[in-house]
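Chemist: First the structure, then my questions, so here it is.
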Amino acid sequence: AAGGLNGVVRVWEVATGRASFDLEPGAPAPVRFIAFSPDGERIATAVGQGTFRLWEAKTGKPISEPFPVEASFADLVFSNDGRRILTAGTPGGRLLDGRTGELIGEPFGAGAVRSARFSADGTRIVTASNSKGVIIWDATTLQPLTETFAHPGVRTVKAEFSPDGRFVRSEVSTN
């Protein structure tokens, strides 16, 4: 799938190299993120300054109506089991139902959250933010499990768990 500056997502058939259908997420703004569910059944889109929508991957039919999630998007990812979706942006991270697209709970991780990732087993979330560094969260309660791991003098732009969940790696930027 490829997103355009006009808010349209084109889904391509790999075997033929032809466009299968277009998704119109509901905002005439640049497509920021596209994510396929692990089973390939759903597509999540993030457009412009915060419009989220969930789609059937085989037909392109919408599962959810377009709705605002973030003031701006910085990340979008499904959990390994496809049951949940994480978004990152401003004013923080958001958890959504991976089948319906409905919001679960309140935003977590105040400020500009640059990335959010699930642990492989789906029990934890790691976020990276400009001002708060790296924090690990309980994926059910959305409460922090750790103090902030900070990188003094730089912005943390990405964090993710190692495959076994024992470690976290992070990336920083001086810009």
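The values are calculated or read from the model by the stated rules, or taken from the named source; none is laboratory data. Treat the numbers as computed from the prediction; the structure is a model and nothing was measured. Glycine also receives a Cβ, built like all others from the backbone with ideal geometry; neighbour counts cover every protein chain displayed. Remember, those area values only see protein heavy atoms, side chains included, never the ligands or the DNA or RNA. Shrake-Rupley method; radii C 1.70, N 1.55, O 1.52, S 1.80 Å.
Chemist: Assuming R0 = 35 Å, can you tell me the calculated FRET efficiency for the pair R166 and R83, based on Cβ-Cβ distance, to the nearest 0.05?
Modeler: 0.90
Chemist: Could you tell me what percent of the accessible area of the chain is made up of carbon and sulfur, with a 1.4 Å probe and every protein chain present?
Modeler: That fraction is 51 percent.
Chemist: A further question on this structure: Along each of its three principal axes, how wide is the spread of alpha-carbon positions in the chain, in whole angstrom units, largest first?
Modeler: 47, 32, 30
Chemist: If the only charges are +1 at each Lys and Arg Cβ and -1 at each Asp and Glu Cβ, what is the size of the charge dipole of segment 69-113 around the Cα centre, to the nearest 20 debye?
Modeler: Once rounded to the nearest 20, the dipole reads 80 debye.
Chemist: At a Förster distance of 25 Å, what's the computed FRET efficiency of D97 paired with V8, Cβ-Cβ distance as r, to 0.05?
Modeler: Step by step, r from the Cβ atoms, then E = 0.50.
Chemist: Taking 0.36 nm per residue of sequence separation and subtracting the Cα-Cα distance, how much length would be gained by fully extending the chain between E147 and E41, in nm to one decimal?
Modeler: 34.5 nm
Chemist: If you don't mind, another one. Along segment 153-170, what does the Karplus equation 6.51 cos²θ - 1.76 cosθ + 1.60 (θ = phi - 60°) give for ³J(HN,Hα), rounded to whole Hz, x for Gly and Pro?
Modeler: Karplus values, whole Hz, x for Gly and Pro: x, 9, 8, 8, 10, 7, 8, 7, 7, 5, x, 8, x, 7, 9, 10, 10, 9.
Chemist: Identify all lysines with a Cα-Cα distance to K158 below 27 Å; exclude those on the same chain that are fewer than 8 residues away in sequence.
Modeler: Within the straight-line limit of under 27 Å, K158 reaches these lysines: K132.
Chemist: Let me spell out the model: positive unit charges on the Cβ of Lys and Arg, negative unit charges on the Cβ of Asp and Glu, origin at the Cα centre of the chain. What dipole size does that give, in debye rounded to 20?
Modeler: Roughly 320 debye, rounded to the nearest 20.
Chemist: Moving to a separate point now. In whole Hz, what ³J(HN,Hα) sequence does segment 6-17 give by Karplus (6.51, -1.76, 1.60; θ = phi - 60°), x for Gly and Pro?
Modeler: Values per residue, Gly and Pro as x: 8, x, 9, 10, 9, 9, 9, 8, 5, 5, 9, x Hz.
Chemist: Right, another one. Under a crude label model (7 Å from the Cα following the beta-carbon direction), how far is D138 from F67 in nanometres?
Modeler: 2.5 nm
Chemist: Still on this structure, I have one more. In straight Cα distance, which aspartates and glutamates are under 13 Å from K61, not counting same-chain residues fewer than 8 positions off?
Modeler: D22, E24, E41
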